Ligand SMILES: [Zn+2]
């Protein structure tokens, strides 16, 4: 029933919310001439839609929540089998053959679905919850390439240090979608990609400190050992997570705040950034107003180097 309400509500909200044109003054991007080689200093960040980011320093490459094979809304609502969409991922991987680790915040399909293929093809390490690791291993990822982690652990990957933090998934209509124990492995239908224990990451890479979650709740406690971060990437897909932003910003004290997971991830990635009808970017702007940190946006596939 919730799925049908969600589908109707979604369909009723105008799709005319548009893309990032209105907010072009907030977009950060490197000049086109700077995008060939990894940066000598700092960390280059490329937004890949939904909550997916590529982080490249001089000698380390990390990927978070890759999701190229987008599924249409009705497949989510009706909990159908996902349809693989291998072309875009294959062409992207052709240009990005070296990835040291793939980090996954939780097991939902829009965060985990493409990770197994990427890990298999690049020999990257998968860093994720035990639930996400079980799903990935059932899809052919060798155990030697997986690292099952919990909040409080720290992982070193090349020259990066990854602090794994406990997190909470935001609620949609009062509950976390596709929650509960694993139902079957390998997963077959969209709701077989279950949440597991949600994670956030504080990543030290290229001399910078970057926090990323996939969304949160207003009572989230974020432990950064009292140190501010350079960039806070905060999922804002739902009202719950937008309400969590002021508290997260107060704890993280970021130089830059990048709202995430606010694009329409039911549309093909190739069709460009369009706001998710249920997202509310004006509310995000109000949520960060008066706090510390500069609000920024990134567009799909346009790298920006954080220095
Ligand atoms: Zn989720």
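Here are a few things to note about the model shown:
- Residue list for the range 12-26, restricted to those being in a loop (DSSP other than H, G, I, E, B) and at pLDDT below 90: 13, 14, 15, 16, 17, 18
- A count restricted to the range 156-174 and to residues that are surrounded by fewer than 19 Cβ atoms within 10 Å (Cβ to Cβ), touching a residue at least 40 places away in the same chain (Cβ under 8 Å) and either closer than 30 Å to residue 224 by Cβ or within 12 Å of the ligand (Cβ to nearest atom) (or both) stands at 5.
- Yes/no for residue 55 being out of contact with any strand residue (DSSP E or B) (no Cβ under 9 Å at 6 or more places or on another chain) and surrounded by 21 or more Cβ atoms within 10 Å (Cβ to Cβ): no
- Residue ranges of strands (runs of 3 or more DSSP E) in the range 179-237 with at least 1 members within 15 Å of the ligand (Cβ to nearest atom), touching a helix residue (DSSP H, G or I) at 6+ places or on another chain (Cβ under 9 Å) and closer than 21 Å to residue 44 by Cβ: 231-235
- For the range 68-114, the set of residues classified as within 14 Å of the ligand (Cβ to nearest atom), over 18 Å from residue 183 (Cα atoms) and touching a strand residue (DSSP E or B) at 6+ places or on another chain (Cβ under 8 Å) consists of 104, 105, listed by residue number.
- Single unsatisfied condition, residue 270 versus (1) assigned to a loop (DSSP other than H, G, I, E, B); (2) touching a residue at least 24 places away in the same chain (Cβ under 8 Å); (3) within 25 Å of residue 22 (Cα to Cα): (1)
- Only one of the numbered conditions (1) farther than 19 Å from residue 113 by Cβ; (2) buried (at least 21 other Cβ atoms within 10 Å of the Cβ) is violated by residue 136, and that is (1).
- Selection within the range 135-155 - without any contact (Cβ under 8 Å) to a residue 24 or more places away in the chain, over 15 Å from residue 107 (Cβ atoms) and outside any strand (DSSP E or B): 142, 143, 144, 152, 153
- Test result for residue 80, surrounded by fewer than 16 Cβ atoms within 10 Å (Cβ to Cβ), touching a helix residue (DSSP H, G or I) at 6+ places or on another chain (Cβ under 8 Å) and not in a strand (DSSP E or B): yes
- Residue match in the range 62-73 (condition: part of a helix (DSSP H, G or I) and farther than 23 Å from residue 147 by Cα): yes
The values are calculated or read from the model by the stated rules, or taken from the named source; none is laboratory data. Values in this document were obtained by computation on a predicted structure and should not be read as measured data. Cβ atoms come from the backbone with ideal geometry, glycine included; neighbour counts cover every protein chain shown.
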